[in-house]
Amino acid sequence: MCIILLLGSLTIYSISVSKQNVRQEIVKYNTLMLENTRNSYEKHLDLIKRQMYLYFFSEEVQRLQNSPRYVNFPLIMREISAWVSNPYLFIDNIVFYLKHGELVQEKGTTTNADAMFNVFYKSREYPLDFWRQQFTEPYTYRVFPAATFTNVIFRDRPQTQGELIPIMIKNQENQDFYMIVFLNAVKMYEAFHQSTHNDFIIYDDLGQTLFKSEGQESFMSLHDLQKYGSSEFIESNKYHFVTTGAGTGFNYVYRIPVERIANQSRLNITLVVIMTAAIALSVVIAFLFAARINNPLKKVIESIRSMNDDAPFRSNIKEFNIISDEIHGNHLMRKQLSFMNHLKAIRNHEHDTINLDFADKPFVFVLFQIQYDQQEPSLQASLQRWVYYMKTYIDSMLKPVFPDSLTFQIERGQILSLVFTEQIKDLARLLEQMKYVFDHDRQHGIVTISISSVYSDSARLTAAYEEAQELVGERQLIDETQIVRSRTASQMAVGFSPDQEKELEANLREGNIPQLTVLMERLFAKWRSKEPTAAAMLRFAESMTGKIRNAVTPFQLDPVQLESILEKAGEKIRQCATIRELELLLLDWVKRTAEAVKEKKEEKHPVTSFVIDYINDHLSEDIYVDVLAEKLKMSSGYLSTYFKGKTGKSIVDYINETRIAKAASLLADNDMKIHDAAKAVGYQNLTSFNRMFKKYTGLTPSEYRKRTDE
């Protein structure tokens, strides 16, 4: 009763004293919220600037700038996808724009500037001419105001990409190539602006509106704001809070209605009545509570001191059992979190860390790698529940035999168990029992179990984990649970021989489906008997996408058609559980590609067909556009424009690509000299041949021949 009366008196006194200070505190709170928002924006923009500068000057991007080749485009797209998939960077897309040929590379495709900025990322504020104009601007880094971008590939159903902030990065030494980073302005706003009142705007250092929250009244200009010369002021019955970023020079403005602050600072008589009633009710409840409860604090303290890791302390007090369960669960969670941080060498706060150091205590890691069989979004929740049940089952099997074992899920498809033992045979027998159970759930996914060597010191945790990860790669493509305990003595080479690769390329270019079928079935029949590892087979399958793309390059297939054939290639490869499934997938790709090539070859364009045939027939001679135009009774300018419109490349580029492709096939014959190969494709000067060969292949002729021999 004394405490209740004292607290009630203190509350009344505090309210009466603080009434006059509430407004000041609310203003201070809103100022602090705006500063936090500013700091979040400034830190994020600085992080994006530093990270994107490093990526822009990376080896892969510079190679794209200096010598763009189709074989490098998938690598760039994967790297862009990795940046975009990070939800904490708020990057919607990264676009590389090469002035020569107006080549554009982004996360989903390689295209030209017209398609990119008039179809995929169309904006009224940023038309195609704006992006072209940026090649002449002298800056190296600039943040542009946010704008709405739309995908109009289906004109009757345009799709909004969202409100995006473009960031331009250029190389001062080469103004013909730049990178655009599109940041999702709405997601950044939702993450950084934590106020309940959404009336916010950012002005850049030029006074332009960089971003403005939607559906709000218009703001005054930055010039008018600066006239007040204060970080907070009242204008038009609204309280304005203004702050400037030290790094960017951007101005951040937040508004709230004046009446909202006034309402919060007004003491309502109802509050006093409610508070008085609450004090009276608290007095009554205090009597009742004291009459029924016999102070359990001592029991609580004693029971917590006696808690162990095996099971929570149980009591006849229902409320304490709830507390005990929570404490025990929190203890286990901290232990597992500390173990994962220790495993991956992540430093944490000392007070959050549980000591996991041990010596002379033998242990092994058992890693359960799960390959999901079904990837439909509607099934993700059920698959995650299945993984949780697996973890619970594994823990229930290991704990009775190995009481100190720890089991937890470390990745979406990985469960890791730390088992303190050196009796591998006992552990192996237990895993065989689990294998029998996992095989019954093959419709959900295939499980691979790897067992590391025996280690004896906590300092070796990372090494043991890495060994278990490597052993998972030794699994084979079979539709059952596998237990891997050691590496294969010798890795089987999986791939095409030089002759088979030539056969594949020739049949793809000819659209010869029967021969392709025989070739693929012959290869897989050989590998099926030798049981190669799944990793080797999947690497081979991934390389097939590049071989298919390279083989059909001369035919200028529609990029959309080719991408539809190889859609989600990596994901489909990883879903293959058996060699037969992988064989059918690759066979389907080559068949559909061959059909597309055959259809493309049957298309008749008399002018381009004449030019292509003439180039192939006179490859070893000097070929001039003027001569070709004269034979076709056209001007050379019209012929060049027509050919590029039909094939997507100029006549000169087509001649060079055809010559280099022919030279590459000739160099596969080790008996032919490089000089003779150069002459056979029309290069009389060996220096010019070496330079052109490296431009289109990335290697000199000598390096290319050495790599082919390997």
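The values are calculated or read from the model by the stated rules, or taken from the named source; none is laboratory data. Every value quoted in this text rests on a predicted model; they were computed, and no experiment measured them. Cβ atoms come from the backbone with ideal geometry, glycine included; neighbour counts cover every protein chain shown. Protein only, heavy atoms only, side chains kept; ligands, DNA and RNA dropped before computing areas. Shrake-Rupley method; radii C 1.70, N 1.55, O 1.52, S 1.80 Å.
The label point for GLN469 and the one for SER195, both projected 7 Å from the Cα toward the Cβ, are 4.5 nm apart.
Could you list the GluC sites (Glu not before Pro) in the stretch 116-182 that lie in coil according to DSSP, counting only those with at most 12 other Cβ atoms within 10 Å of their Cβ? Mind dumping the intermediate values first?
Values: sites: GLU125, GLU163, GLU173; in loops: GLU125, GLU173.
Hits after loop and neighbour filter: GLU125, GLU173.
Extension gain, ASP653-ASN174: 0.36 nm per intervening residue step, less the Cα-Cα distance, totals 170.2 nm. For the stretch 598-710, the residue among GLY682, SER640, PRO606 whose Cα projects farthest onto the positive side of the dipole built from Cβ charges is SER640.
In this Cβ point-charge picture (+1 for Lys and Arg, -1 for Asp and Glu), the stretch 105-247 has a dipole of about 300 debye about its Cα centre. Rounded to 0.05, the FRET efficiency of the PHE420 and SER543 pair, given R0 = 51 Å and the Cβ-Cβ distance, is 0.75. In the complete set of protein chains, residue-level accessible area for ILE274 is approximately 100 Å², probe 1.4 angstrom. Taking Cβ atoms as reference points and 14 Å as the exclusive limit, the residues near LEU632 contribute a net charge of 0, counting Lys and Arg as +1 and Asp and Glu as -1.
What do you reckon, how do ASP441, ASP204, ASP622 stack up by accessible area (1.4 Å probe), largest on top?
Details: ASP441 45, ASP204 5, ASP622 100 Å².
These residues rank, largest area first, as ASP622, ASP441, ASP204.
Counting Lys +1, Arg +1, Asp -1, Glu -1, what net charge surrounds LYS361 among other residues with beta carbon under 9 Å of its beta carbon?
On the way: positive: none; negative: ASP360, ASP404, ASP457.
My count for the surroundings of LYS361 gives -3.
Show me the three semi-axes of the equivalent ellipsoid for the stretch 136-256, from the C-alpha gyration tensor (sqrt of 5 times each eigenvalue), largest first, rounded to whole Å. They are 29, 21, 12 Å, listed largest first.
Please report the accessible area of THR244 (heavy atoms, 1.4 Å probe, ligands and nucleic acids excluded) in Å², nearest 10. For THR244, the solvent-accessible surface is approximately 70 Å².
A simple spin-label model places pseudo-atoms 7 Å from Cα toward Cβ; at LYS187 and THR140 they are separated by 2.9 nm. Phi angles of the stretch 394-410 translate, via the Karplus equation with coefficients 6.51, -1.76, 1.60 and θ = phi - 60°, into HN-Hα couplings of 4, 5, 5, 7, 7, 4, x, 8, 10, x, 8, 5, 10, 9, 7, 8, 9 Hz per residue; Gly and Pro are given as x. Using the Cβ-Cβ distance between LYS526 and SER702 with R0 = 35 Å, the FRET efficiency computed as 1/(1 + (r/R0)^6) comes to roughly 0.60.
Modelled spin labels at ASN237 and SER14, positioned 7 Å past Cα toward Cβ, are 3.5 nm from each other. Sorting the segments 155-162, 106-113 by their mean number of nearby beta carbons within 10 angstrom, highest to lowest, gives 106-113, 155-162. A cut-off of 5 Å between modelled amide H atoms, ignoring neighbours fewer than 5 places along the same chain, links GLN476 with ALA534.
Bridgeable aspartates and glutamates around LYS631 (alpha carbons under 16 Å apart, same-chain partners fewer than 8 residues away excluded): ASP613, ASP617, ASP622.
Sorting ARG442, ARG63 by solvent-accessible area of protein heavy atoms yields ARG442, ARG63, largest first, with a 1.4 Å probe.
When the dipole is taken about the Cα centre of the stretch 403-466, and only Lys, Arg (+1) and Asp, Glu (-1) are charged at their Cβ, what size is it in debye, to the nearest 20?
On the way: 6 positive and 9 negative charges, 31 e Å.
I would put it at about 160 debye.
Sites listed here are chymotrypsin sites (Phe, Trp or Tyr not before Pro) in the stretch 90-129 whose DSSP assignment is loop and whose Cβ has at most 15 other Cβ atoms within 10 Å, and the list is empty.
Which value, in debye to the nearest 20, gives the size of the charge dipole of the stretch 576-710 about its Cα centre, when Lys and Arg are +1 and Asp and Glu are -1 at the Cβ?
Details: 22 positive and 21 negative charges, 66 e Å.
So the magnitude is around 320 debye.
P(r) tail, the stretch 91-131: Cα-Cα pairs separated by more than 17 Å, 22% of all pairs. The slack in the chain from ASP479 to VAL401, taken as 0.36 nm per residue of separation less the alpha-carbon distance, amounts to 25.2 nm. The accessible area of MET1, taken with all protein chains in place and a 1.4 Å probe, comes to roughly 110 Å².
Take the Cα radius of gyration of the stretch 30-81 and divide it by 2.2 N^0.38 Å, with N its residue count; two decimals is plenty. Intermediate values should be presented prior to the final figure.
Working: Rg = 16.9 Å, N = 52, 2.2 N^0.38 = 9.9 Å.
Taking the Cα Rg and dividing by 2.2 N^0.38 Å, one obtains 1.72.
Pop the C-beta distance of LEU206 and ASN151 into the FRET formula with R0 = 41 Å and round what comes out to the nearest 0.05. Write down the numbers at each step before the final one.
On the way: r = 29 Å, r/R0 = 0.71.
Given R0 = 41 Å and the Cβ-Cβ separation, E is 0.90.
So if the hydrodynamic radius of the stretch 1-151 is defined as the Kirkwood radius over C-alpha pairs, what does Stokes-Einstein give as its diffusion coefficient at 25 °C and 0.890 mPa s, in µm² per second? Mind showing how you got there, number by number?
On the way: Rh = 19.7 Å.
Taking Rh from Cα pairs, D becomes 124 µm²/s.
Just the protein heavy atoms count here, and of the accessible area of the stretch 121-163 at 1.4 Å, carbon and sulfur take up 47 percent.
Distances between every pair of Cα atoms in the stretch 429-477, grouped in 5 Å steps from 0 to the bin holding the largest one, split as 4, 18, 20, 21, 18, 11, 6, 1 percent.
Fully extended, how many nm does the chain gain between LEU75 and HIS100 (0.36 nm per residue separation, minus their Cα-Cα distance)?
Details: separation 25, 0.36 × 25 = 9.00 nm, distance 2.07 nm.
Taking LEU75 through HIS100 to full extension adds about 6.9 nm, to one decimal.
Among the chymotrypsin sites (Phe, Trp or Tyr not before Pro) found in the stretch 145-198, those both in a DSSP coil and sparsely packed, with 10 or fewer other Cβ atoms within 10 Å of their Cβ, are PHE154.
From the residues LEU461, MET397, GLN409, which one has its Cα farthest along the dipole of the stretch 389-545 in the positive direction, the dipole being from +1 and -1 charges on Cβ of Lys/Arg and Asp/Glu about the Cα centre? So the residue furthest toward the plus end is MET397. Over the C-alpha trace of the stretch 382-500, radius of gyration and Dmax come out as 16.0, 58 angstrom.
Which of LYS633/LYS662; LYS170/LYS547; LYS122/LYS568; LYS122/LYS187; LYS502/LYS673; LYS572/LYS694 have a Cα-Cα distance over 22 Å? Provide the component values of the computation, followed by the final result.
Numbers: LYS633/LYS662 29 Å; LYS170/LYS547 33 Å; LYS122/LYS568 25 Å; LYS122/LYS187 20 Å; LYS502/LYS673 20 Å; LYS572/LYS694 34 Å.
Cα-Cα > 22 Å for LYS633/LYS662; LYS170/LYS547; LYS122/LYS568; LYS572/LYS694; rest within.
Sorting TRP83, TRP386, TRP527 by accessible area puts them as TRP83, TRP386, TRP527; the probe is 1.4 Å, largest comes first, and only protein heavy atoms count. Taking all protein chains into account, the per residue accessible area for the stretch 383-540 stands at 49 Å² (1.4 Å probe).
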